[in-house]
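Undergrad: What follows is a structure written as structure tokens; I'll ask about it next.
The values are calculated or read from the model by the stated rules, or taken from the named source; none is laboratory data. Keep in mind that what you see is a predicted model, and the values were worked out from it rather than measured. We place every Cβ from the backbone using ideal geometry, glycine too, and count neighbours over all the protein chains shown. Only protein heavy atoms, including side chains, enter the accessible area calculation; ligands, DNA and RNA are left aside. Shrake-Rupley method; radii C 1.70, N 1.55, O 1.52, S 1.80 Å.
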Amino acid sequence: MFKKVLIANRGEIALRVIRACHELGIETVSVYSVADRDSLHVRFSDDDVCIGPAPGRLSYLNIPSLIAAAEITGADAIHPGYGFLAESPEFAETCAASNIAFIGPTATQIRQMGDKATARKMVQSIDIPVVPGSKGAVDDPDEAREIAEGIGFPVIIKAAAGGGGKGMRVAEDANSFAQAFQLARNEALAAFDSADVYVEKFLEKPRHVEIQVMGDQYGDVVHLGERDCSIQRRHQKLIEESPSPALTDELRARMGEAAVRAAKAINYVGAGTVEFLLNTDGSFYFMEMNTRIQVEHPVTEMVTGLDLVKEQVRVASGEPLQQRFKDVNLRGHAIECRVNAENPDRNFQPSPGTITVFHPPGGPGIRVDTHIYSGYQVPPHYDSLLAKVIAHGTTREEALVRMSEALDGFIIEGISTTIPFLKRVIKHPNFQAGEVDTKFLERETSLFHPAT
Ligand code: ADP
């Protein structure tokens, strides 16, 4: 087992990893930018190193600084969290070359799934359905338009290197295609340094259902059920739950089997997520695989009673998957809400600043993963996630009332947050009934303009 783990991240996920390591008896090293000097991850770790100025590219994305910090503090492993360098094959490679274990898959595995166009091809070769679309990346606008006409409009043009909902454009018809194609390429180039895009049929009312997988170094891969992440704004997840209200045991088994097969095809090691779109008729299509721990992993932890982060650390150190990961029983229902520092009444404009009052909710079945506290200054430089509220109940109904109660009792003052908006979504009759799809928020415009 590792002796000392450096966490190459910040915010709630840095705290989450610190806790997991301490429970395993492993020492921790935090890294921080000058904007994060007063962060809790710095306070709760055993050792800490300042790695640079506030902008991410000069600190949390600076590979030489991170490796130097690990070497100075004698860390024998690095956990990348999510975002930043979590899916960087260069980082995984540099760790390996520096004799530091990367807690995650190998650089090769990250590469195989990192390019979404390549991943699509790979899973097609093992008979996993993908949304009808181009075989790989397409550069030529005319060729792309022909492909789009072949599959039928509407289509979605997606960045091959994409993530976080960026570099995606929908074209409703042949007339708007050329412009959408160019915009997607420009966005892809700006965000991911690669203009590669591919074209897919745009499904009208799909649900986003993803399968959590975990693999060890001995070829064992298991799945831990699904998360339904259909509540999205601009292709970004806001609320996730498990089990999905749309899945039967039979469908779960088939999607789980497909996810495990995709992971096994690349000898996957560690925690990963295989994302699917689920159509109203029960057909499902592979979208992409995320080769890291995800923001919404607590939902799975609540229904399985398993600790995914500790298992990531264990399998990275060479231990085989624990038996309890093979005998998984889903217990009850869990829902997660992402609380962001954004103003929902002003088009979700970021709202950095000082938190003057902070009181988190609690009680049976409530878990709050957060790094904020009263007096904490939310810096403007990073992701706006402030806290994740997870409610677990014996039934979906119980999880829903617990979530409503938790959001009502969550006090954050001094900045704007998305809590009022989340409350409205949770109370919406369609959400209550479990009848939502990825376009739900787009249609329910009343949620964005509450009656005052
Ligand atoms: P990212 O990696 O940026 O998160 P994804 O490929 O995971 O991008 O897609 C994000 C979201 O975009 C999906 O959850 C879904 O809501 C929407 N989406 C992506 N592809 C399609 C499609 N072919 N049809 C309909 N919606 C799609």
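Undergrad: Mind checking the full-extension length gain between Ser125 and Lys439? Use 0.36 nm per residue of separation minus the Cα-Cα distance, one decimal, nm. It would help to have the intermediate numbers written out before the result.
TA: Numbers: separation 314, 0.36 × 314 = 113.04 nm, distance 3.01 nm.
Computed gain between Ser125 and Lys439 is 110.0 nm.
Undergrad: Would you report the distance distribution of C-alpha pairs in the stretch 132-201 as whole percents per 5 angstrom bin, up to the bin with the largest distance?
TA: Histogram of Cα-Cα distances, whole percents per bin: 4, 22, 34, 25, 12, 3.
Undergrad: Across 10 Å bins from the origin, how do the percents of Cα pairs in the stretch 49-102 run, short distances first?
TA: Histogram of Cα-Cα distances, whole percents per bin: 26, 61, 13.
Undergrad: Let me ask something else. Carbon and sulfur: what percent of the stretch 83-153's accessible surface (1.4 Å probe)? Don't skip to the end; give the middle numbers.
TA: Working: 1590 of 3280 Å².
On the stretch 83-153, the fraction of accessible area on carbon and sulfur atoms equals 48 percent.
Undergrad: Would you calculate the separation in nanometres between label points at Ile72 and His22, each defined as 7 Å from the Cα along the Cα-to-beta-carbon direction?
TA: 2.3
Undergrad: Something else: Would you mind working out the accessible area per residue for the chain, using a 1.4 Å probe, and quoting it in Å²? Write down the numbers at each step before the final one.
TA: Working: 18070 Å² over 452 residues.
Here the residues of the chain average 40 Å² of exposed surface.
Undergrad: Percent antiparallel among DSSP beta bridges with both residues in the stretch 307-414, to the nearest 5? Walk me through the numbers before you get to the answer.
TA: Values: 20 of 20 bridges.
DSSP beta bridges in the stretch 307-414 are roughly 100 percent antiparallel.
Undergrad: On the accessible surface of the stretch 280-421, probed at 1.4 Å, how many percent belong to carbon and sulfur atoms? All intermediate terms of the calculation are to be shown ahead of the outcome.
TA: Values: 2530 of 5490 Å².
For the stretch 280-421, the apolar C and S fraction of the accessible surface comes to 46 percent.
Undergrad: Which residues does a label at Asp46 reach in the stretch 4-19, if reach means a backbone N under 13 Å from a point 7 Å past the Cα toward the Cβ?
TA: In the stretch 4-19, the label zone of Asp46 (backbone N under 13 Å from the point 7 Å along Cα→Cβ) covers 4-7, 18-19.
Undergrad: Bin width 10 Å, origin at 0, all Cα-Cα pairs of the stretch 207-448: what percent of pairs per bin?
TA: The calculated distribution, bin by bin, is 7, 31, 35, 21, 6, 0.
Undergrad: Using a 1.4 angstrom probe and counting only protein chains, how large is the accessible area of Tyr218 in Å², to 10?
TA: Rounded to the nearest 10, that gives 150 Å².
Undergrad: Let me ask something else. Note down the accessible area of Phe84, probe 1.4 Å, to the nearest 10 Å².
TA: Approximately 70 Å² of Phe84 is accessible to the 1.4 Å probe.
Undergrad: For Lys135, which lysines qualify as cross-link partners when the Cα separation must be under 28 Å and same-chain residues fewer than eight apart are set aside?
TA: Within reach: Lys116, Lys121, Lys158, Lys166, Lys201, Lys205, Lys237, Lys264, Lys439.
Undergrad: If you project the alpha carbons of the chain onto their three principal axes, what span does each projection cover, largest first, in Å?
TA: 58, 56, 45
Undergrad: For Asp139 and Ala178, calculate 0.36 nm times their separation in residues minus their Cα-Cα distance, and state this gained length in nm to one decimal. Could you put the intermediate results ahead of the total?
TA: Values: separation 39, 0.36 × 39 = 14.04 nm, distance 1.19 nm.
Net length gain for the segment: 12.9 nm.
Undergrad: Further question on the same structure: With no solvent and one point per C-alpha, what does the Debye sum give as log10 I(q)/I(0) for the stretch 1-119 at q = 0.11, 0.20 Å⁻¹?
TA: Debye output, listed in q order: -0.32, -1.04.
Undergrad: What is the extension gain from Ser98 to Arg261, computed as 0.36 nm multiplied by their sequence separation minus the C-alpha to C-alpha distance, in nm to one decimal? Provide the component values of the computation, followed by the final result.
TA: Details: separation 163, 0.36 × 163 = 58.68 nm, distance 3.18 nm.
So the extension gain works out to 55.5 nm.
Undergrad: Going by accessible area, probe 1.4 Å, with all protein chains left in place, what is the ranking of Ile390, Ile147, largest first?
TA: Sorted descending by solvent-accessible area, the residues read Ile147, Ile390.
Undergrad: Can you give the net charge of the other residues whose Cβ lies under 9 Å from the Cβ of Ile211, counting K and R as +1 and D and E as -1? Kindly include the intermediate steps, with their values, before the conclusion.
TA: Values: positive: Arg227, Arg252; negative: Glu210, Glu226, Glu275.
Neighbour charge sum, excluding Ile211 itself: -1.
Undergrad: While we're looking at this one, here's another question. So if I restrict to the alpha-carbon atoms in the stretch 164-304, what is the Rg, and what is Dmax, the biggest pairwise distance, in Å?
TA: 16.3, 52
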